[in-house]
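A short worksheet on the structure shown next.
The values are calculated or read from the model by the stated rules, or taken from the named source; none is laboratory data. None of the values given here were measured: they were computed from a predicted structure. Counting neighbours? That spans all protein chains shown, and the Cβs are built from the backbone with ideal geometry, glycine included. Note: accessible area is taken over every heavy atom of the protein model, side chains too, but ligands, DNA and RNA are not part of it. Shrake-Rupley method; radii C 1.70, N 1.55, O 1.52, S 1.80 Å.
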Amino acid sequence: MDDLDTRLRAALAARAATVTEHELNPAEPPRARPRLARTAPWLAAAAVAAAVATTTVLATRPDAHRAAPPVGSPDRSGAVVSTVTIPATAESVTRPPVVLAESSAGPGTRGSTGTTAPTVCWFADASPCRVPAGYVWYQPLGPFATYRQVQAWRASGGSQPWHLDARLTAQAFVRAFGFTDLGLVTSASISADQAHIGIGYRDPAGRPHSAAVLHLVRYEQHPGDTGAPWEVVGTDDTTFSLETPSYGSAVPGTFRAGGHITGVDENIQAFTMDAAGHRSAAVCCVPAGGEHAPWSITVRAPAASTGSFAVVAWTGGHVQAHERFALQGVQRALK
Amino acid sequence: MATGSPRDATRRGGVGVGAATGADAGVAALFHAHRLALVRLAVLLVDDRETAEDVVQDAFAALHRRWGGLASEDAALAYLRTCVVNGSRSVLRRRRTVRTKGRPPWDEQTAPADEPVLLAADHRAVLAALGRLAHRQREVLVLRYWADLSEAEIAATLGISAGAVKSTASRARDALAALLAEEGF
């Protein structure tokens with residue numbers, strides 16, 4: 001063995017040793033998906049019958065961060081939506097439960113046999129799902145403002161293929177806010193349709209810190225559509241949260257936003273911004289600190305915005321301008 | 001030891017159509033025993049831990065689907081290794097495509113979160129040079145010098161002949177030495 005062999009072996013061992021068990025993201029081994037026919041034969045028969053005679057919609061429930069949509073209740077037309085929850089496949093621990101919904105009057109893309117393709121009920125403008133009243137859709141916060149834009153992008157051949165990369169999309173989204181000091185991907189948990197991407201920075205000692213974990217989903221109509229671009233729908237908040245107004249709620253032109261924070265000598269600022277780039281002026285500043293201490297601030301909706309937009313709150317100033325941030329997806333109330 | 005592995009299933013009289021629970025238990029046992037090592041292998045091929053974890057998770061998902069067709073635990077491990085190498089190669093290929101065809105203009109190259117800032121300078125230089133080799137050359141060197149696989153095992157993992165492994169390793173070492181010399185290491 002010569003010197004190069006030794007150096008190569010040592011370098012690889014040293015790099016491998018930097019990956020330790022406790023640093024790995026929690027994950028579970030894959031498990032078999034329960035078979036519908038085996039667990040509930042009558043239900044499988046009902047599903048087959050429904051596929052022929054009625055519209056069948058395979059819907060993945062938007063596990064909206066703070067508000068789960070009601071299921072199993074009458075929809076707007078009065079038709080009853082029955083549901084069967086099938087546990088998520090273990091290929092991804094982040095995939096939300098799958099809900100098989102059978103509606104007697106649901107829309108959807110009817111095929112030649114009268115059946116419909118499985119559909120996700122995530123974005124109001126992308127989904128043909130008929131949903132119960134009070135259902136909370138994902139709010140498209142960016143980079144796409146509407147499903148029409150997604151279709152145009154796909155029709156163009158998918159230029160800017162970074163839209164298909166959850167990490168790059170998360171980075172792009174944050175930079176669009178002007179948070180140029182947050183370019184580091186600190187964590188990533190990505191499944192076929194959902195992604196949770198940590199975005200952060202390095203402190204002067206070189207240690208990485210997460211400023212927020214962005215939640216992204218595919219802007220898609222059918223589950224597992226890997227050609228669909230990623231869309232940011234919110235953040236997974238922990239020590240800095242944005243809780244009011246609630247996710248998906250309709251807000252007036254000026255409203256109060258707030259949540260909780262754990263920290264010392266914090267200085268919270270906020271603004272609003274939609275996927276088209278319309279934004280309000282930043283509101284400065286609310287001093288805060290303590291353990292799970294409440295905070296609130298008055299913000300304005302983006303002037304030209306008519307649909308969904310993000311409330312963006314951030315704090316910083318200790319090491320760099322932006323150190324933690326949180327998003328809440330809301331929509332403009334109709335006048 | 002009944003671990004639910006393909007080997008155990010063979011003893012019970014057939015791996016191929018084992019019940020789902022058998023696949024669950026067998027894959028889970030391998031997952032808990034080998035996940036870390038496989039993530040390390042993937043890190044050495046794709047550089048960042050998050051991507052490596054994704055690649056390994058995909059490999060175990062593929063193993064679960066293929067459980068019935070594997071004859072032994074060794075075969076399962078070999079299959080996982082192959083999946084990790086192929087998955088890593090796909091990641092690198094996608095990265096190259098993205099970089100070629102377009103990135104967001106505001107996007108900068110960012111170091112992975114687990115960048116080995118504490119590694120010795122020589123280790124960093126060797127790893128950087130390794131990253132500049134062709135994918136196949138890098139794979140052969142990692143499998144040989146980190147995973148300690150034989151030429152035959154590397155050949156099986158990569159789906160190439162033992163002779164190709166030998167020649168690729170030789171060329172990879174030469175290229176690595178040249179790159180290190182270029183950098184003054």
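Rounded to the nearest 0.05, what FRET efficiency do residue B:150 and residue B:90 give with R0 = 25 Å and r taken as the Cβ-Cβ distance? Could you check? Before the final figure, lay out each step's value.
Values: r = 25 Å, r/R0 = 1.01.
Rounded to the nearest 0.05, the efficiency is 0.50.
So for the pair residue A:256, residue B:128, with labels modelled 7 Å out along Cα→Cβ, what separation do we get in nm?
5.5 nm
If you take the accessible area of B alone plus A alone and subtract the pair, what total do you get in square angstrom, rounded to 100, with a 1.4 Å probe?
Details: alone 10690 and 16350 Å², together 22490 Å².
Approximately 4500 Å², summed over both chains.
Would you kindly derive the ³J(HN,Hα) couplings of the range A:150-156 from the backbone phi angles with the Karplus curve 6.51 cos²θ - 1.76 cosθ + 1.60 (θ = phi - 60°), listing them in order in whole Hz, with x for Gly and Pro?
Those phi angles translate into 4, 4, 5, 4, 5, 5, 7 Hz.
Got a number for carbon plus sulfur as a percent of the range A:199-291's accessible area, 1.4 Å probe? Could the numbers behind the result be given before it?
Details: 1940 of 3590 Å².
On the range A:199-291, the fraction of accessible area on carbon and sulfur atoms equals 54 percent.
List for the range A:157-185: residues with 20 Å² or greater reduction in accessible area, all protein chains versus chain alone, probe 1.4 Å?
Residues meeting the cut-off: A:160, A:161, A:162, A:167, A:168, A:171, A:172, A:175, A:184, A:185.
Roughly how many nanometres apart are two label points built 7 Å out from the Cα toward the Cβ at residue A:296 and residue A:28?
If labels sit at residue A:296 and residue A:28, their model points lie 3.8 nm apart.
FRET efficiency for residue A:278 and residue A:225, Cβ-Cβ distance as r, R0 = 30 Å, nearest 0.05?
Values: r = 28 Å, r/R0 = 0.95.
The value I calculate is 0.60.
Pull up all non-local amide H partners of residue A:283: gap of 5 or more, or a different chain, and H-to-H distance under 5 Å with H placed in the peptide plane.
Correct list: A:270, A:271.
Ignoring any ligand, DNA or RNA, what whole percent of the accessible area of the range A:140-184 comes from carbon and sulfur when the probe is 1.4 angstrom?
On the way: 860 of 1660 Å².
Carbon-and-sulfur percentage of accessible area, whole number: 52.
Using a cut-off of 12 Å between beta-carbons, work out the net charge of the residues near residue A:288 (Lys and Arg +1, Asp and Glu -1, residue A:288 not included).
Details: positive: A:324; negative: A:265, A:266, A:291.
Neighbour charge sum, excluding residue A:288 itself: -2.
Please compute the per residue accessible area over the range A:180-262 with all protein chains in place, 1.4 Å probe, rounded to a whole number of Å².
Working: 2560 Å² over 83 residues.
Spelled out: the 1.4 Å probe surface of the range A:180-262, per residue, equals 31 Å².
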